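The values are calculated or read from the model by the stated rules, or taken from the named source; none is laboratory data. Bear in mind the structure is a predicted one, so any value in this text is a computation, not a measurement. Neighbour counts run over all protein chains shown; Cβ positions are idealised from the backbone, glycine included. Ligands, DNA and RNA are stripped out before the accessible areas are found, and what is left, the full protein with its side chains, is counted by its heavy atoms. Shrake-Rupley method; radii C 1.70, N 1.55, O 1.52, S 1.80 Å.
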Amino acid sequence: LSRKHSATERRIYPVEGPDEQQPDEMLMDRFCEGDVRAFDVLFARYARPVHEFLSRFAGRGAADDLTQTTFLSMVRARGRFRRGDAVKPWLFAIAANAGRDHLRRRGRDDRARGAERDARSAPAAVPDPSAELDVRAALARLPDPERAVIVLHRFHDLTFEEIAAALGKSAVAVRVRAFRAYRRLRAWLGGDRP
Amino acid sequence: VSAGCTAVLDLLDRRAPEAEVELHLRGCADCRRWYETHRALGSLAAPAPPGPAAAIHERARAELIAHPRATPWWRDALFAAGAALAVAAVGVLMVGGHGLVLNSAPAVAIALAAAALLAALAVTAYAAFAPGPHALWTAPAAAAAAAALLAAGSGAYPDWCGPYWEAGLRCARSELVFSILPAAVALALLRRFAFSAPRALAAGLGAGIAGLLVLHLHCAIGTASHIGPFHLLPWLVVAVLFTAARRLTPTLSFAR
């Protein structure tokens, strides 16, 4: 996957049409039955959010491989999806597990270096690149479980309840993690004591 | 977390209207600082990283086309439990040169303890492979099986079994050997799940039941001082070693 993709390889299956309007749960039912078209729509809907989550959680360098791992896991484990469950937390749970496993294997120091490198190579589309560097570095310093909560909460619009379902934790535990993480970030970014 | 007022985080979490958030922020210094941090993170939201390559879609699509039928979770559970049962059956036959059942406890007690072991096997297979967190069932099922084995002990220690340590280590070794194949099967199946220590412990306990069942039927020593350290302790050792092995093996699928 790490090889460069040519323009012709960047083909995405078109998903316009009535399928695109279907809710996740209906698409998931069809996908679980092996419907490739339903998978295409789910992929189009979630590939970018999952990729963004993994970029922020595990670093840009690993995001492509981890996104692939996430969607392969989704295909392989669809027999375990419980009908009626929400798709988004289930999919982000897979991504979070893949990201955690990657970070565990790679080691925290290496990850911190990668995050700083990512930050330096970030596109300069923000008004103050140094502020972004600070925020990215602060995010990278968070313990993995807290960073997962913050990224899902702040950037992917999941509620504490949904994050709890995704991470297999209680909502109370997720709230505590979120408060701790926001407190650390507030200290690092604003000069408070952590 | 001593963080002062955190109401704004709850307001944001439940997507309260902006006016409500503003109203709270006006009168709460704590929350204004929380809110600033929350907003500061927004500087990362704008430059979204490039999207995933289409090759990712192609690969996942190809996997789906190659395997259009989903594997139901119970198939893995049945396979793992079946492997443990098959090894237990073969094990009893292998060591049964002097008789299949050497346990001298009453037949009803032997049957009840065996039933408790089979129930524990079913529960551990369910806890290890069913979707959702079911590990809470593992400990009571394992404890009930252990209690049943101790309660069904005949109390006998025949002379021909040999000295305490020699006989005990023979049992422990047999149990570990009979656990290897079911553990290997369970390990291969569990690689399709994200690592979870409770799941791995459940699967390890399930794998260890093969050896435990063989010893329950074939071991003639029925004292608690033998069953505890040489039947039950190796069972726990198998579960712990299994969990460590699962932690070290690569994962094929990261779904729970």
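Taking the condition of being open to solvent by 10 Å² or more (accessible area, probe 1.4 Å) and without any contact (Cβ under 8 Å) to a residue 60 or more places away in the chain, how many residues in the range B:184-214 meet it?
4
Would you check if residue B:136 is surrounded by 15 or more Cβ atoms within 10 Å (Cβ to Cβ) and either assigned to a helix (DSSP H, G or I) or of a type in the set (A, V, I, L, M, F, W, C) (or both)?
So residue B:136 does not fit the description; no.
Among (1) surrounded by 14 or more Cβ atoms within 10 Å (Cβ to Cβ); (2) of a type outside the set (Asp, Glu); (3) more than 28 Å from residue B:157 (Cα to Cα), there is one condition residue B:75 misses while meeting the rest; what is its number?
(1)
Considering the range A:142-155 alone, what residues qualify as being within 20 Å of residue A:52 (Cβ to Cβ) and open to solvent by 10 Å² or more (accessible area, probe 1.4 Å)?
Result: A:144, A:145, A:146, A:153, A:154, A:155.
Could you run through the range B:19-67 and say how many residues are at the interface with chain A (Cβ under 7 Å from one of its Cβ atoms), at pLDDT 80 or above and either in a loop (DSSP other than H, G, I, E, B) or under 30 Å from residue A:33 (Cα atoms) (or both)?
Number satisfying all stated conditions: 10.
Please work out which residue is nearest to the other protein chains (Cβ to nearest Cβ), limiting yourself to the range A:159-187 and to residues that are of a type in the set (A, V, I, L, M) and under 20 Å from residue A:134 (Cα atoms).
Here the residue is A:185.
Conditions: (1) assigned to a loop (DSSP other than H, G, I, E, B); (2) open to solvent by less than 50 Å² (accessible area, probe 1.4 Å); (3) at pLDDT below 80. Residue A:123 meets all but one. Number of the miss?
Exception for residue A:123: condition (2).
Could you check residue A:144 against (1) within 10 Å of chain B (Cβ to nearest Cβ); (2) in contact (Cβ under 8 Å) with a residue 40 or more places away in the chain and say which number it fails?
Condition (1) is where residue A:144 drops out.
Mind counting the residues in the range B:143-178 that are outside any helix (DSSP H, G or I) and either open to solvent by 50 Å² or more (accessible area, probe 1.4 Å) or at positive phi (or both)?
Matching residues across the range B:143-178 total 4.
Can you tell me which residue is nearest to the other protein chains (Cβ to nearest Cβ) among those in the range B:226-256 that are open to solvent by 40 Å² or more (accessible area, probe 1.4 Å) and modelled with pLDDT of 95 or more?
Checking each candidate, the answer is B:244.
Anything in the range A:30-48 that is assigned to a helix (DSSP H, G or I), within 11 Å of chain B (Cβ to nearest Cβ) and out of contact with any Leu (no Cβ under 7 Å at 6 or more places or on another chain)? List them, or say none.
A:32, A:37, A:40, A:43, A:44, A:47, A:48
Inspect all residues belonging to the range B:178-196 and state whether any of them is more than 30 Å from residue A:105 (Cα to Cα) and either of a type in the set (Lys, Arg) or more than 14 Å from chain A (Cβ to nearest Cβ) (or both).
Among the residues of the range B:178-196, at least one is more than 30 Å from residue A:105 (Cα to Cα) and either of a type in the set (Lys, Arg) or more than 14 Å from chain A (Cβ to nearest Cβ) (or both), which makes the answer yes.
Just to be sure, is residue A:53 more than 8 Å from chain B (Cβ to nearest Cβ) and farther than 15 Å from residue B:57 by Cβ?
So residue A:53 fits the description; yes.
For residue A:81, only one of the following conditions fails: (1) more than 9 Å from chain B (Cβ to nearest Cβ); (2) at pLDDT 60 or above; (3) crowded, with 20+ Cβ neighbours inside 10 Å. What is its number?
Looking at each condition in turn, residue A:81 falls short on (1).
Results for (1) closer than 18 Å to residue B:55 by Cα; (2) among the polar types (S, T, N, Q); (3) open to solvent by 40 Å² or more (accessible area, probe 1.4 Å), shown as yes or no for each residue.
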site	(1), (2), (3)
A:32	no, no, no
A:35	no, no, yes
A:43	yes, no, no
A:46	yes, no, no
A:50	yes, no, no
A:65	yes, no, yes
A:71	yes, no, no
A:76	yes, no, yes
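Could you check how many residues of the range B:97-117 are within 16 Å of residue B:231 (Cβ to Cβ), not polar (S, T, N, Q) and not in a helix (DSSP H, G or I)?
Total meeting the criteria: 3.
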